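Here is the structure we will look at, set down as structure tokens.
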2 protein chains.
Amino acid sequence: MPARIDPEERRQQVIEAAFRLVVAEGIEGVSLRKVADESGLNIGSVRHYFDGHHDLLTAAAEEAGARMGRRLAAHAAEGLRGLTGEAALDALQALVEAVMPVDEPRRDEAIVVVELIMASRTMPVFRAMSARMAADLAAVLREALDFLDVPDVDLAAAQLAAVIGGLTLDTVTPHGDLSVERMRAVLRAHLRMLLAKACPG
Amino acid sequence: MPARIDPEERRQQVIEAAFRLVVAEGIEGVSLRKVADESGLNIGSVRHYFDGHHDLLTAAAEEAGARMGRRLAAHAAEGLRGLTGEAALDALQALVEAVMPVDEPRRDEAIVVVELIMASRTMPVFRAMSARMAADLAAVLREALDFLDVPDVDLAAAQLAAVIGGLTLDTVTPHGDLSVERMRAVLRAHLRMLLAKACPG
DNA sequence: AACTATTTATCACAGGTGTGATAGTTTGGA
DNA sequence: TCCAAACTATCACACCTGTGATAAATAGTT
């Protein structure tokens with residue numbers, strides 16, 4: 001049986017093209033023909049590796065979620081245990097910035113994620129992954145804040161998650177079009193407020 | 001000249017239908033034919049009052065921005081001057097909740113606004129209005145926080161704007177699917193943190 | 001070399017889109 | 001009454017979409 005190319009590799013190639021289209025045009029711009037063009041494949045090939053449009057979207061969402069999960073796992077909260085002062089602030093900021101649009105690759109991934117989140121409002125295909133991504137992020141944030149002895153971890157984590165979402169939205173859209181520097185400054189101010197409640201007692 | 005019906009009224013009727021479609025299906029769901037059906041008019045009539053699809057979207061964006069502006073103006077920041085403690089907290093929360101999805105009409109409007117913001121990333125039609133809405137909100141927030149003697153008004157307003165955006169996103173989407181109560185609690189916690197820096201000095 | 005499963009490539013069809021063009025209908029004023 | 005302006009209603013066209021179906025080319029195995 002001819003398998004000159006790894007099917008999984010081809011699928012990734014297609015998903016990558018889909019991501020580029022999401023960044024350029026939004027999720028509605030992801031059509032089979034455009035994905036085929038963008039990936040340099042024929043639409044017939046795309047349809048051979050994915051069981052139609054719906055399946056492609058599902059796979060792309062899965063991959064987006066997996067990447068965000070990997071980013072969170074990489075900057076694990078373990079190293080935060082017991083840190084205080086500026087060291088704690090720096091470490092926490094580094095963790096949060098792992099999922100924020102601070103450079104081009106992270107910006108592209110953030111765009112894909114936010115597009116997916118918005119789309120999950122009306123497209124059932126994305127509901128589960130959208131919810132899972134929020135849960136993953138919340139878990140990491142709670143763990144991190146807990147390690148830093150921040151009180152009221154649940155509430156603080158929810159606040160931080162909101163700040164992350166809002167800053168991301170205003171950075172990747174013309175709404176407020178935050179610069180990366182400004183975004184990081186606002187984030188830092190918020191983290192400082194959160195840690196201020198931990199530092200003294 | 002027959003003008004049995006106020007043209008402006010008809011336009012509002014059409015825009016209202018467009019808003020319902022945005023809520024139900026997202027901005028991509030706003031097609032001339034669907035708007036016509038939803039508004040109970042013929043597509044020919046819709047095209048008589050709007051100079052094509054682009055013009056309809058422009059008018060809808062304008063109306064969405066105007067409504068958000070009116071909501072902000074209604075809960076003007078004037079009344080906040082000099083308030084302290086729980087009274088300040090309550091007043092500030094009431095102002096912020098004017099633009100948040102705490103009930104069905106505000107939820108629908110918030111959905112329209114967030115859809116517009118996301119769409120403004122790739123659709124030039126929405127860029128200006130998206131930016132204006134952020135500026136309007138930021139101005140009101142700065143004014144309010146200033147009246148409450150919150151220090152570092154610019155930074156505090158930016159933080160608050162981020163919280164508003166993030167909470168709205170997580171309330172109108174399955175991402176974290178916040179209940180209204182939870183959203184208000186998280187918002188209150190954040191406002192409390194901001195005001196804590198003002199209360200003592 | 002022959003065979004076979006994988007992969008690539010096309011067609012065609014039904015459905016939806018914006019829009020140009022064109023009739024038909026209604027209604028207020030002369 | 002008649003007319004013209006405003007409104008409503010259709011057609012048709014080109015374009016794009018997902019998808020079922022089918023053919024063609026490829027390459028590893030026997």
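The values are calculated or read from the model by the stated rules, or taken from the named source; none is laboratory data. As the structure is a prediction and not an experimental result, all values here were calculated from the model. So basically every Cβ, Gly included, is an ideal-geometry build from the backbone, and we count neighbours across all protein chains shown.
For every residue, the table says whether it meets (1) farther than 21 Å from B:Thr171 by Cβ; (2) modelled with pLDDT of 95 or more; (3) more than 8 Å from chain B (Cβ to nearest Cβ).
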| residue | (1), (2), (3) |
| --- | --- |
| A:Arg121 | no, yes, no |
| A:Asp136 | no, yes, yes |
| A:Leu145 | yes, yes, yes |
| A:Ala162 | no, yes, no |
| A:Ser179 | yes, yes, yes |
| A:Ala185 | yes, yes, no |
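Under the condition of being closer than 14 Å to B:Val112 by Cα and among the small types (Gly, Ala, Ser), which residue from the range B:27-68 is farthest from DNA strand C (Cβ to nearest atom)?
Checked the range B:27-68; the qualifying residue farthest from DNA strand C (Cβ to nearest atom) is B:Ala66.
Taking interchain pairs and intrachain pairs at least six residues apart, which have beta carbon atoms under 7 angstrom, with the first residue in the range A:31-42 and within 14 Å of chain B (Cβ to nearest Cβ) and the second part of a helix (DSSP H, G or I) and more than 9 Å from DNA strand C (Cβ to nearest atom)?
Every condition considered, the pairs that remain are A:Lys34/A:Leu21.
In the range A:8-26, which residue that is acidic (Asp, Glu) and more than 14 Å from DNA strand C (Cβ to nearest atom) is farthest from the other protein chains (Cβ to nearest Cβ)?
Across the range A:8-26, the extreme among qualifying residues is A:Glu16.
Pick out the one residue from A:Leu194, A:Leu155, A:Leu187 that is under 20 Å from the mean Cα position of the chain (by Cα) and either in a helix (DSSP H, G or I) or outside the structural domain of A:Thr84 (by TED's automatic domain parsing) (or both).
One residue alone meets the criteria, A:Leu187.
On the given criteria, is A:Val99 away from DNA strand C (no atom under 16 Å from the Cβ), under 30 Å from A:Ala196 (Cβ atoms), in contact with a helix residue (DSSP H, G or I) (Cβ under 8 Å, 6 or more places away or on another chain) and β-branched (Val, Ile, Thr)?
yes
What is the one condition in (1) at pLDDT below 95; (2) more than 16 Å from DNA strand D (Cβ to nearest atom) that A:Arg4 does not satisfy?
(2)
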